[in-house]
Every structure is written in structure tokens, then in C-alpha cells.
Amino acid sequence: MRHFTAGLQSVDPEIFAALEAETSRQRDGIELIASENLVSRATLEAIGSPMVNKTVEGYPGGRYYGGAEHADRIESLAIERAMQLFGARYANVQPHSGSQANLAVFLAFLTPGDSVLSMDLSAGGHLSHGAGPNISGRWFDVVSYGVDGDGFLDYDAMAATARATSPKLIIAGGSAYPRAIDFERFRSVADAVGATLLVDMAHWAGLVAVGLHPDPVPVADVVTATTYKNLRGVRGGFILSHRDDLARKLNSAVFPGVQGSVILNSVAAKAVAFKEAMSPEFEHYANGVLDNARALAATLVERGTTVLTGGTDTPLLVIDLRPLALTGAAASDALESAGLTANKNGVPDDPQPPKITSGLRLGSSAGTARGLGVAEFTQIGHWIADVVESMKSGSIESVAARVRGEVDGLVSRFPIYSV
Ligand SMILES: *Cc1c(COP(=O)(O)O)cnc(C)c1O
């Protein structure tokens, strides 16, 4: 039957062409967006398998549909691997995304109107931690903490705000904060005010997995994360805890609380990501991610660029463009024309609106996945500085063209997804 044999190219040439073009884009440029990575061939096979057809609800051993034997095997393996990888006593691998994982935690511990303390979006917090337009900001009474003048998390102010507001939930972690967080300090503040502590490790889960980053799992009540950023796996979220007494509460918050059926092909691919993350190869990868992020930050600092906090303990760093009187939007456009993809990002007290911003966020996870090392990331730092400087001197077109040519030379030495 044609339904089972005809390929995408003949069935839907428009989508086929766009997908091919995207693969080329990923192959031909250097990906510096901190929330992106490059998954393995094995991951692509798992996510593209006929498991996409299977519908199950509930958890392994307690499904609401028949024929769930293989689904159970896959989800059980994913859960066991997640627990083993992170030394947790509970794991839920069903959240469709990181935001869904956080939403389930809110449902488990909060009712509308409760107070939540989280990092301010402008200081590097995440939308799902209480931003105004997000359900978390609409339904909860959100108070925030930020960073000091050098960009470091202001623990004293955080503690004072917690004492003054007695939040029910405190969230540590963000999407543009480059430094290791003192989880113990958060723990003592949470204990002092009787709050539940959630750590969202979306951006550095891979570093935590190999012990290159402080481990939030033994300290926080609940940890949420994504598999697709630093963990180098498929798009999706998961939840961990060292407390098995929370298992029922968290499981029922995910299903039937905020989700219905399981995206099983995605769960299969998450299981692959957890397995890959247990390998010596991944340990080597994660070390490379950190070395490369630090080399990139050091090069930019050496070139006179303002890097928030002066460096990084994570796969990401943020450039403050205010001293150069440039915007994040203009800088990311200029870099893209040179073959370097990054995203504009707000900086603390940013005078620009969110669609413009005064910052640029850079990450090393994807570049490291294609094999780039410290030498290449040092070169990338010089290219970024060259492009940013050329925006000031009016030589942007020639500089971007020169860098684009050099990027072509570099990426051709580090191929991905060979056809
Ligand atoms: C990326 C991210 C998430 C998850 O976002 P989704 O797009 O919903 O997967 C959650 N928390 C933080 C801190 C993040 O950086």
C-alpha cells in the first residue's frame, strides 16, 4: 500500500525541501544557541519509529490501553536510566517539554494564588518560572530575585525576599544565568520559610550527569530538566526527586494533571539520551562543553567584550552589548550573516524591549557535539568580536563575508548527518 511505502519527497515535496534545507543550515553554520544541540543518529531512529503510533495513558504496569508491553519496557528503561544517571529515587519521563514538567510541579504543590519565588526573567530566569504572560505568572503570586551589579545571583536579597514573602515554592535555575548556583543556600532559605525547593537544571543537566556541576538532586525536593539542551537528546522534559514519597503526587500531576497520553517515540529517544549520557564518550563531551564555553568567554573578555559575571560555569554565557551601544537583535542578525547562529537576550536592567534586547546569549553544547574543541571555540570568539566590532566601524559587510568564508572552511572539517 502506497501509504506505507511512499517517501516524504514524493508525498510532500514542500515539507521535504524545507527539512532538507534545515539539515543543510545546521550543517553549514555554527550553532551557538544555548538551548540547541545535535542529537545522535540513534536518537533520530528512535524518534522516527512506528512507536509514534502507540497510545498509552498512565504508567508502566498500570495502563489504560492494551498492547502496552513494549511501551512499558521502553518507559521503564527510560525511568531506570534517568534515576541511575542522576542518582534519583524518582523519575518521570513523560513531560512533553521543560515547561510542562514545571507546570506539573506547580500543580503538585500549589493552588492558584500561592506565592512563588523565582529568578527574574531579566536576570536570566525562565518564562515558565512566573513570567507575566505564562500560566505561572497568571495563576500564582510571583516574587523574584535577581543578580548583583556584577551579574552574580544576589543570595542575600533572595533570602530577604523569601523571609518577607514566605513563598510556598522557591525555584532555582534559569535559562540565561551562566554561573553555578549554591543549592545548599537555597535549601536553607527554603527550610527557614517552609517552602518546597524546585531546581530547574534544563541548561546544565549534562554537566550534572557527569559531575562537572554541583548536583541539585540530593538537595532539592524536585528537579526538572530537558533532554534536548546540554543532555544532547530529544526534545522533551523530565522530573526527578531524591524523595520517593513524592512519587504519587508528581505522577498524578503529570498524568492526568497536565497531560494525556504519552509521546512514546519521544520517551524511547529520551531513554537513548540517558544511555548515551552514561558513556565515557559523553563524559568527554561534557568536559568539552565546559572547556569550550570557558574558552569562548575568555576570548571575548580578552577582546574587550563585556561578558556577564566575566565567565561561566555552565554551557552558556551572556554578552552585554550596552557598553558598545549595540542591540542584541542587530548583533544576532549580523552574526547570522556570518554563519554564526545565536540569540538576542535581555540583560539585567535592560533598557531595550524583549524583541530587541541589549544582550547576546551563546552556548557551546551544539558546537561541541559536532567535535569543535578549544581551538575552534577560541576562533569563534575572535569571529564574534570581529563581527561586533565591525558593526561599530561600518565594515560589517566585508567582515561578515570574510567570517562566513572562514566558517565554511571550519564546518567542512566537522560534518554532521552525512547523507
Ligand atoms: C529551556 C528551559 C525550559 C524548557 O523549555 P521548553 O521549551 O518548554 O522545553 C525550562 N526551564 C528552563 C530554565 C529552560 O531554560
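Readers should treat all values here as calculations from the given coordinates under stated rules, not as data from a laboratory. Note that the structure is a prediction, hence the values are computed from the model and not measured. Backbone-built Cβ (ideal geometry, glycine too); neighbour counts: all protein chains shown.
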Run the reach check for residue 229 against aspartates and glutamates, Cα to Cα strictly under 15 Å, same-chain hits fewer than 8 apart removed. What comes back? 31, 36, 200, 276
What are the membrane-span-like helices in the chain by this rule: whole DSSP H runs, Cα extent along the axis at least 18 Å, mean Kyte-Doolittle hydropathy at least -0.5? 69-86, 264-277, 280-302, 374-393, 396-412
Most mobile of 80, 276, 397 in a GNM of the chain (Cα contacts under 10 Å): 397
Over 23 Å apart: what share of the alpha carbon pairs of region 65-155 falls there, rounded to a whole percent? 45
Contour excess over end-to-end distance, with Cα ends at residue 389 and residue 57 and 0.36 nm allotted per residue: 114.1 nm
In whole Å, what is the distance between the alpha-carbon centres of region 199-264 and region 87-160? 14
Residue-by-residue Karplus 3J(HN,Hα) for region 50-57, coefficients 6.51, -1.76, 1.60, Hz, glycine and proline x: x, 4, 4, 7, 7, 10, 9, 10
Given the candidates 233, 384, 127, the one whose Cα lies deepest towards the positive end of the charge dipole of the chain, counting +1 at each Lys or Arg C-beta and -1 at each Asp or Glu C-beta, is 233
Between rounded, prolate and oblate, where does region 338-388 land on the alpha carbon gyration tensor, with a ≥ b ≥ c its root eigenvalues, rounded for a/c under 1.5, else prolate if a/b exceeds b/c? prolate
For the table 275/344; 168/270; 249/355; 344/392, the rows whose alpha-carbon distance is greater than 28 Å are 275/344; 168/270; 249/355
Only counting other Cβ atoms within 10 Å, I'd like 392, 54, 270, 344 sorted with the fewest neighbours first. 392, 54, 344, 270
For a quick check: sort 284, 382 by the number of other beta carbons within 10 angstrom, fewest at the front. 284, 382
Sort 175, 118, 40 so the one with the fewest other Cβ atoms within 10 Å of its own Cβ comes first. 40, 175, 118
Classify the chain as rounded, prolate or oblate, taking a ≥ b ≥ c as the square roots of the eigenvalues of its Cα gyration tensor: rounded when a/c is under 1.5, otherwise prolate if a/b is larger than b/c and oblate if not. oblate
Positive dipole terminus of region 237-337, leading residue within 337, 295, 314 (C-beta point charges): 314
Among 410, 147, 74, whose Cα projects farthest towards the positive end of the dipole of the chain, with charges put on the beta-carbon of Lys, Arg (+1) and Asp, Glu (-1)? 74
For region 343-390, what's the relative contact order in percent, using C-alpha pairs closer than 8 Å and at least 6 residues apart? 25
